1. Taking the dipole about the Cα centre of the stretch 17-116, with the C-beta of Lys and Arg at +1 and of Asp and Glu at -1, give me whichever of Thr96, Val35, Ala66 is farthest to the positive side.
2. Which of the peptides 65-73, 80-88 is most tightly packed, and how do the rest follow, judged by the mean count of other Cβ atoms within 10 Å per residue?
3. Enter the Cα centre distance for the pair the stretch 24-41 and the stretch 45-121, rounded to the nearest angstrom.
4. Note down the Stokes-Einstein diffusion coefficient of the stretch 65-121 in µm²/s, whole number, using a Kirkwood radius over alpha carbon pairs, 20 °C, and 1.002 mPa s.
5. Over all directions, average the projected area of the Cα convex hull of the stretch 17-116 and note it in nm².
6. Describe numerically, in nm with one decimal, the distance between label points set 7 Å from Cα along Cα→Cβ at Ala50 and at Thr82.
7. To the nearest 0.05, how large is the calculated FRET efficiency for Asp41 and Leu91 if R₀ is 25 Å and r is the Cβ-Cβ distance?
Amino acid sequence: MRALILAALLALASPVLAASPPHFQIRNTADLVRVCSTVPDDEYYVSAIAFCHGFGVGAFRYYEAATPAADRFVCPPNPTPTRAQVLNGFLTWVRTHSEYMEKPAVDTLFRYLGGAYPCKK
């Protein structure tokens, strides 16, 4: 029994080879751009792109849940762009707006979204 418990504890303590935590800490827009610009031959590419899509989708879903429809300033068109289209658009836009690199990433993301997908009022 002790051997089984010890084996389970050792298995839980082993390092996980998924995302490297220091690479996925988003303190500002520059960090988000760095992670979302990971090149395909990087060992963390799949994790980085999945992280970026999750960051964007999570932020947008929270916005939808927390903001009444009448108060929204971001309204995706129909058909809705893909996550990759939005991410690529954001990366292109943010590289021409370096003044936002030290700002909170979610604020910069919504600055982009509000300009790219404004609501018609």
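1. Comparing the listed Cα positions along the dipole, Ala66 ranks first.
2. Ranking the peptides 65-73, 80-88 by packing returns 80-88, 65-73.
3. Using only Cα atoms to place each centre, the spacing works out to 15 Å.
4. 175
5. Numbers: hull surface 27.8 nm².
For the stretch 17-116, averaging the hull's shadow over all directions gives 7.0 nm².
6. Output for this residue pair reads 1.8 nm.
7. The computed FRET efficiency comes out at 0.90.
Just so you know, all these numbers are worked out from the coordinates, no wet-lab data involved. Source: prediction; values computed, not measured. Neighbour counts are summed over all protein chains in view; Cβ atoms, including those assigned to glycine, are modelled from backbone coordinates with ideal geometry.
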